1. Criterion first (part of a loop (DSSP other than H, G, I, E, B) and modelled with pLDDT of 90 or more) does GLY346 satisfy it?
2. Assuming ASP40 fulfils every condition listed in (1) closer than 29 Å to PHE150 by Cβ; (2) at pLDDT 90 or above; (3) open to solvent by less than 70 Å² (accessible area, probe 1.4 Å) apart from one, which condition is it?
3. Which of the residues belonging to region 83-115 are among the aromatic types (Phe, Trp, Tyr) and either modelled with pLDDT under 90 or in a loop (DSSP other than H, G, I, E, B) (or both)?
4. Given the options ALA133, ALA118, ALA72, ALA108, name the one that is closer than 20 Å to SER9 by Cβ, open to solvent by less than 10 Å² (accessible area, probe 1.4 Å) and within 17 Å of the chain's Cα centre (by Cα).
5. Within region 64-82, which residues are of a type in the set (A, V, I, L, M) and not in a loop (DSSP other than H, G, I, E, B)?
6. Being on the phi > 0 side of the Ramachandran plot and modelled with pLDDT of 85 or more is the filter here; which residues of region 175-205 pass it?
7. Before we move on, is ASN232 open to solvent by 80 Å² or more (accessible area, probe 1.4 Å), in the same structural domain as ASN347 (by the TED database) and either of a type in the set (Val, Ile, Thr) or assigned to a loop (DSSP other than H, G, I, E, B) (or both)?
8. From the list GLY327, GLY274, which one is open to solvent by less than 30 Å² (accessible area, probe 1.4 Å) and modelled with pLDDT under 85?
Amino acid sequence: MKLVGIAGSVADKSYNRMLLKYMTTHFSDLADIEMLDIKDVPLFNESDDQTNSDAVQYLKHKIEAADGVIIATPEHNHTITASLKSVIEWLSYKIHPLDGKPVMIVGASYYNQGSSRAQLNLRQILEAPGVNAVVLPGHEFLLGNVKEAFDADDNLKDEGTINFLQSTMQKFVKFVTVINSMEKSAPKDDDGADSEDLGATGKISTTVEGIDMNAPDWVEQAAKKTNAAEGNDYVKLDRGLLTVDQLNAFLNSMPLELTYADNSNQFIYYNKMGPAEDMLARRTPDQAGDPLSTVHPMKARVIKHVKQVIHALRTGASQEVRMPVPGNTADKYVVHNYRAMHDPDGNYMGVNENVVDIMPMIKWYLKQTGQKLEGNPDATTSASVKAEEPAPVADASSSASVDDGAEEKPAAKPAPAATPSDGYSSASVND
């Protein structure tokens with residue numbers, strides 16, 4: 001795995017640069033980390049466009065070629081440095097190499113706050129529209145009291161700090177693998193994808209008009225207007241005759257979560273297996289009837305992939321798109337599957353999405369056959385430290401309906417030497 005590291009300082013002596021050098025040397029078994037210098041990047045000035053300067057283009061090409069980015073940030077007056085801010089400004093002005101790129105944040109400071117406020121500031125910047133980086137969630141490495149943290153050979157001294165940094169690095173390697181596999185799984189042909197109307201403003205033969213799509217009781221209003229069958233009313237299917245109650249019970253007992261977004265990109269159904277908080281992909285009753293633009297978190301990166309998936313299914317470029325959810329572990333592997341639906345004449349009718357944790361079936365199969373899964377070399381760690389499970393990623397999947405159901409777990413607490421408590425920060429002393 002190829003990563004690049006950026007220290008957010010142009011000072012001749014930088015502990016954040018020292019931290020990156022330590023990671024480059026000691027975690028070479030996990031990834032090849034190349035350090036990038038930002039000292040030649042000019043102060044951002046829209047009136048003096050330096051996008052095509054050697055310094056900015058150098059960073060652009062290096063980041064685009066890398067699988068992920070590690071940024072080590074000092075804390076100057078509770079924020080990141082002016083030099084690092086200028087770098088990100090240039091990389092989100094006319095060029096966008098950080099868009100969709102997995103990023104890990106670390107930081108060091110003289111006092112015991114450990115650059116925590118600068119890291120929060122940096123996280124907000126990286127997730128802003130125009131930057132759209134995919135930041136490792138729920139994990140912070142905060143190295144406080146940095147003057148005492150390194151020995152004479154620039155190696156970290158505290159074993160607990162080293163172990164916590166290594167476990168965070170292991171999580172990031174897994175995170176990068178998952179995020180990049182999702183990017184590769186998504187259809188890449190953008191031709192026509194922007195024409196997808198996620199607002200569901202178009203009308204199709206089954207559109208129920210005259211009712212606000214975003215009304216929380218859309219299902220009840222639409223059912224009343226169309227005199228929809230319910231309860232013990234019978235519904236004739238291709239090869240079956242079921243009451244509405246039987247059909248609901250049948251669908252709600254499926255071992256997977258189902259979603260239907262119709263031809264106009266209106267979210268019209270999901271099988272209500274239980275409360276939203278217990279679902280693999282969170283859905284709530286009031287969302288039924290919403291246009292996908294309302295259902296989905298309105299982030300440019302998410303919208304882009306939603307349109308790509310729907311357009312590929314609509315046009316026949318793909319009959320099925322399958323994506324894992326970031327943050328899967330050895331005990332849980334959630335997959336989102338999207339299939340095109342068609343009527344008997346082959347006309348596109350919408351997207352059938354199903355979400356399933358495949359791990360219980362895999363474990364059952366392995367138990368029945370006596371087989372074992374082989375480990376993934378890219379996800380293993382050194383013999384001295386056992387890899388920890390990565391935390392789920394909120395709002396990182398690409399889907400045609402509601403895929404932001406995975407929630408972040410609380411971050412593991414770092415070793416004492418890396419644990420922040422309130423302290424001082426200033427532009428002159430916190431690098």
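The values are calculated or read from the model by the stated rules, or taken from the named source; none is laboratory data. Owing to the predicted nature of the structure, the values given are computational and were not obtained by experimental measurement. Every residue, glycine among them, receives a Cβ derived from its backbone with ideal geometry; neighbour counts consider all protein chains shown. Just so you know, the surface numbers come from the protein's heavy atoms only, side chains and all, with ligands and any DNA or RNA stripped out. Shrake-Rupley method; radii C 1.70, N 1.55, O 1.52, S 1.80 Å.
1. yes
2. For ASP40, the exception is condition (3).
3. Matches in region 83-115: TYR93, TYR110, TYR111.
4. None of the other options fit; the residue is ALA133.
5. Within region 64-82, ALA65, VAL69, ILE70, ILE71, ALA72, ALA82 meet the criteria.
6. Selection gives ALA200 alone.
7. yes
8. When all the criteria are applied, what remains is GLY327.
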